[in-house]
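Just so it is clear, none of the values below were taken in a lab; they were calculated from the coordinates. For clarity, every value in this text was computed on a predicted model and none was experimentally measured. Neighbour counts are summed over all protein chains in view; Cβ atoms, including those assigned to glycine, are modelled from backbone coordinates with ideal geometry.
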Amino acid sequence: MMNQSNRETTKQMRQVLRQVQNHIVQANLNFGAQLESIGFVDVIHHPSVVVPHLNYVTPRKNTAWVGGQAIEKGIQSLKEYGHRGRICFVEGLFPPKFANTLHQLGLELEAETPIMIHKLERTEVAQLPEYPRECQVILADDQEKLALWWYVWQNAYYEVVVSGVEPVYVGQSMRAVAQGQQIDLVFYRDGFPIGVALITVYEQSAHLMAWALMKEARTPEMIGVIYNAAIRASAQRGCHILFMAGETNQERQIARKLGFIDAGSIVCYAETTDIAHEEDDEALEQPVFILR
């Protein structure tokens, strides 16, 4: 039996995971995707962009279980828009047997992105290590700084990391920053720009969705500086949580040292059909979107 302390911990984690789920859906809507509620599911679809990130079914807010018939209705609606049947969700919000329901519908695991979460408590943020003396972090909040941000991002000498749960849109940085939906950071070492980071913001959640470092500067220390700066910037914005993908052992180890915890995965299940090839081909025709 689960004791009171464990029940409270589980309840708090589910609340945090719901924030993550809501953040991702809102980020997709900010890109022009549309939401159609059908029973116990929401159908997310974009009228002109076919990438999987913007076209999927997901359980509705505050739903603890969705039956097979409800999922089928949502997938049928998505297919009527010309997309492959797909459902995406935060795995920790549903019991393990939910996957059995999806398999019975002919859906197979398509993608799994491990996520890590930092609860931005004031005491923990105050205990973060200082940046190395030679490093400086600048908030890119005007056209000149954003131009530098994109120069670094698109430069072949810099290695880019994208979380895979939100697409990056080249053309909207200034608007998103002005509207408070995005935080862009530039990292300098000895006065030279060696990296950038992009954080999306929704209500009281933040997502470190992308970063880049000069290839020779990609050390555990500098990755730690990026995570450190993301925590500080998100806390200063008033966010309660920061989440990110932790796809390699090195990334997860560095993040844990700064207070991140492992929080399961964001998963996508999809039909195994040839439509996937059509989606991949069309996605290549969307040059303004930078994806994993």
**Request:** List the extent of the Cα atoms of the range 106-156 along each of their three principal axes, largest first, rounded to whole Å.
**Result:** 52, 36, 20
**Item:** Virtual paramagnetic centre 7 Å along Cα→Cβ of GLU159, amide N under 19 Å, in the range 233-254
**Value:** 245-254
**Prompt:** How many nm separate the modelled label positions at TRP150 and LEU29, each set 7 Å beyond the Cα in the direction of the Cβ?
**Reply:** 2.7
**Request:** Let me know the longest stretch in the chain that avoids all chymotrypsin sites (Phe, Trp or Tyr not before Pro) found in a DSSP loop with at most 14 other C-beta atoms within 10 Å.
**Result:** 158-292
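For ALA99 and ILE138, calculate 0.36 nm times their separation in residues minus their Cα-Cα distance, and state this gained length in nm to one decimal. Write out the running numbers ahead of the final one.
Numbers: separation 39, 0.36 × 39 = 14.04 nm, distance 4.35 nm.
So the extension gain works out to 9.7 nm.
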**Prompt:** Is it possible to state the helix-based mean residue ellipticity at 222 nm for the chain, with each DSSP H run of 4+ residues giving -39500 (n - 2.57), the sum divided by total residues, to the nearest 500 deg cm²/dmol? What is it?
**Reply:** -11000 deg cm²/dmol
**For the range 49-129, Kirkwood radius (reciprocal of mean inverse C-alpha pair distance, Å)** = 14.9
**Complete:** Summing +1 per Lys or Arg and -1 per Asp or Glu among the other residues with Cβ less than 14 Å from LEU17's Cβ gives +3
**Request:** Can you run the Rg to Rh ratio on the chain? Use alpha carbon positions and the Kirkwood inverse-distance Rh.
**Result:** 0.97
**Message:** If the reach is capped at under 26 angstrom between alpha carbons, list the lysines near LYS215, excluding any in the same chain fewer than eight residues apart.
**Reply:** LYS145, LYS257
**Complete:** Quick numbers on the range 119-263, Rg and Dmax over C-alpha atoms in Å, give 14.1, 39
